[in-house]
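Structure, as structure tokens:
The values are calculated or read from the model by the stated rules, or taken from the named source; none is laboratory data. Not measured: the values here are computed from a predicted model. Don't worry about glycine lacking a Cβ; one is built from the backbone with ideal geometry, like all the others, and counts go over all protein chains shown.
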Amino acid sequence: MNIWFSYHWHALALAFKRLALIPFSTLLTLGVIGIAFSLPAGIYVFLENVETLSGQFSSGPQLSLFLKLNATQSEVGKIESFLKENPHVASFRFIPKASALEQFKESPGLAGVMDGLEGNPLPDAFVVTARDVSTETLKTLSRALSELRQVEHVQLDSAWTQRLDALLKLGRLAAWMLSVLLSLLVIAVVFNTIRLQILTMGDEIEVAKLIGATNGFIRRPFLYFGTIQGLVGGIVAWLIISLGIHLTDEPVKHLMQLYETDFRLYHLSMGDSLVMFLFSAGLGWLGAWLSVVSHLLKIEFR
Amino acid sequence: MISFSEVSKRYPNGFEALRNVSFTVETGEMALINGHSGAGKTTLLRLIAAIERSTTGSVIVNGQDVGRLNGAAIPFLRRNFGLVFQDQKLLFDRSVFENVLLPLQISGFESKAAVRRVRAALDKVGLLSKEKARPITLSGGEQQRLCIARAIVSRPSILIADEPTSNLDMEYAKDIMAIFKSFHQVGVTVLISTHDVELLGGTPQRILTLSHGELTG
């Protein structure tokens, strides 16, 4: 245990020392890794925010049911009882044509429009809230409702949220693909920095082997080197995203106030951040491991 | 104990560095390997440390057949040796102290004890006052002594030195040989290759003479 600890301590110290020996190249590498990670992670944060925002705007799975103008009281009663018995309906509200007209007249700018008309041109209407948001349910319900007697038109109020959901799904897929590509990039970057390290440290590796170092002993500092680069790169990405949020938070807040919505941008959650750091450290380790395995074998004795 | 039986070494280019070499060096013995340059002295020492493998015959060190060890066992075989290389192989980006510390880090030595051992080894070769210096600032003789300090710091049972006195003045060379003799006196097996027998200064030592890859005496 003690020997194990001293080996790892030695390897970690050596890795930090080597990083500090080449500060400029270390900074560049960290920058590259950080930017590479900040792109997919930033997109992820953006999508999360859009989703939260759309949740605030949407009124849930609502349908508007407009009746024909000549619908009688008893026909309205039949539709009402149908809605009561339908298992897909969570709740509904009846808006008689008279009160619709009242509402219309109260709307600023529209009041005058109605004065020139004889009688009430507005139909009776129901506002129906479905039990769940799935497209399937909404479609079935809207078809069933449109087949009822005296129903003129069924309008799906939540259609736009569905379109947004589809867009978000697409965005998420794009973020995933970007993550995969940029992960490969990070592996390549670490692979290459370790390769250069190994090339400049040929003497040291040779001497260590000659005086009894195991392959593990030689490998370990390089693995730490790669892991540290990956981890710090992940932290840099986190900082880049924080900066982005800090810079856009005020304008977004201002914009949302114009829509009379109180909305603040969310950062990555604690869990998401942790996953990102672990992932970036893991990629660094993987890049280093691939590099060490493929280059260390080539160091031969002179 | 180091034992060669009918060992030959042929390189891929056809050059035969050793031919049918057999000898035994007992534990605690000191032996010199003498011969002209290119006689096979370095090859012989490299076979012992498993840096190269013999083409035929077997090399036995402490009861282990070196040629048959697998890759994972070789580092542990090498920890039995203190090696002084002909080209020294010092690390010039590390201090004198760190150069000597390396073998102890490799064998996972506890750090406080390691510091004591490094100082003791440097004291033995007279470099204690230069522990913070860079190897490049040392004289040739000092660099050679630094190599010896690195070879002895882990207290190996076998000390192997390849031409440790080449390129040194007679005075320095005698100092170096005296250090090796002092290790022999405390029971370490010592094997030194040299092309210069005069260094022995008349003391009776076992001498193995190589000529064109064959043991002649």
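Which one of A:Gln197, A:Gln229 is farther than 23 Å from B:Ala73 by Cβ and within 14 Å of another protein chain (Cβ to nearest Cβ)? From the options A:Gln197, A:Gln229, the qualifying one is A:Gln197. Taken residue by residue, the stretch A:7-23 has no member that is away from chain B (no Cβ under 14 Å), free of Cβ contacts under 8 Å to residues at least 60 places away in the same chain and either closer than 30 Å to A:Thr261 by Cβ or not in a helix (DSSP H, G or I) (or both). With the condition kept exactly as written, say whether any residue in the stretch A:200-210 is part of a helix (DSSP H, G or I), touching a residue at least 40 places away in the same chain (Cβ under 8 Å) and closer than 16 Å to A:Arg18 by Cα. Yes. Which of the following residues is assigned to a loop (DSSP other than H, G, I, E, B), on the phi < 0 side of the Ramachandran plot and at pLDDT 80 or above: A:Leu145, A:Leu122, A:Leu83? Answer to the selection: A:Leu122. Only one entry in B:Ile48, B:Ile33 is under 19 Å from B:Ser211 (Cβ atoms), under 16 Å from the mean Cα position of the chain (by Cα) and among the hydrophobic types (A, V, I, L, M, F, W, C), namely B:Ile33. Of the candidates B:Leu83, B:Leu91, the single residue that is within 14 Å of the chain's Cα centre (by Cα), within 13 Å of chain A (Cβ to nearest Cβ) and at negative phi is B:Leu83. Every test in (1) touching a residue at least 24 places away in the same chain (Cβ under 8 Å); (2) within 14 Å of another protein chain (Cβ to nearest Cβ) is passed by A:Gly282 save one, and that test is (2).
For B:Val100, the conditions (1) of a type in the set (A, V, I, L, M, F, W, C); (2) assigned to a helix (DSSP H, G or I); (3) under 24 Å from B:Gly38 (Cα atoms); (4) at pLDDT 90 or above are fulfilled apart from (3). Selection of the stretch B:81-115 for residues being buried (at least 17 other Cβ atoms within 10 Å of the Cβ) and touching a strand residue (DSSP E or B) at 6+ places or on another chain (Cβ under 7 Å) yields B:Phe81, B:Gly82, B:Leu83, B:Val84, B:Phe85. Determine, yes or no, whether A:Leu14 is within 30 Å of B:Phe109 (Cα to Cα) and under 40 Å from the mean Cα position of the chain (by Cα). Yes; evaluated as a whole, the condition is true for this residue. Name the single residue, out of those in the stretch B:144-190 being surrounded by fewer than 18 Cβ atoms within 10 Å (Cβ to Cβ) and within 14 Å of chain A (Cβ to nearest Cβ), that is farthest from the chain's Cα centre (by Cα). The residue in question is B:Arg155. Only a single criterion out of (1) farther than 23 Å from B:Gly35 by Cα; (2) surrounded by fewer than 20 Cβ atoms within 10 Å (Cβ to Cβ); (3) charged (D, E, K, R) is not satisfied by B:Asp196, namely (1). It is to be established whether one or more residues within the stretch B:55-65 are within 14 Å of chain A (Cβ to nearest Cβ), buried (at least 18 other Cβ atoms within 10 Å of the Cβ) and over 19 Å from B:Arg206 (Cβ atoms). Scanning the stretch B:55-65, I find no residue that is within 14 Å of chain A (Cβ to nearest Cβ), buried (at least 18 other Cβ atoms within 10 Å of the Cβ) and over 19 Å from B:Arg206 (Cβ atoms), so the answer is no. Kindly indicate whether B:Gly141 is in contact with a helix residue (DSSP H, G or I) (Cβ under 7 Å, 6 or more places away or on another chain), of a type in the set (Gly, Ala, Ser) and surrounded by fewer than 16 Cβ atoms within 10 Å (Cβ to Cβ). Spelling it out, it is not the case that B:Gly141 is in contact with a helix residue (DSSP H, G or I) (Cβ under 7 Å, 6 or more places away or on another chain), of a type in the set (Gly, Ala, Ser) and surrounded by fewer than 16 Cβ atoms within 10 Å (Cβ to Cβ).
Checked against (1) within 33 Å of the chain's Cα centre (by Cα); (2) at pLDDT 85 or above; (3) not in a helix (DSSP H, G or I), A:Gln155 meets all criteria but (2).
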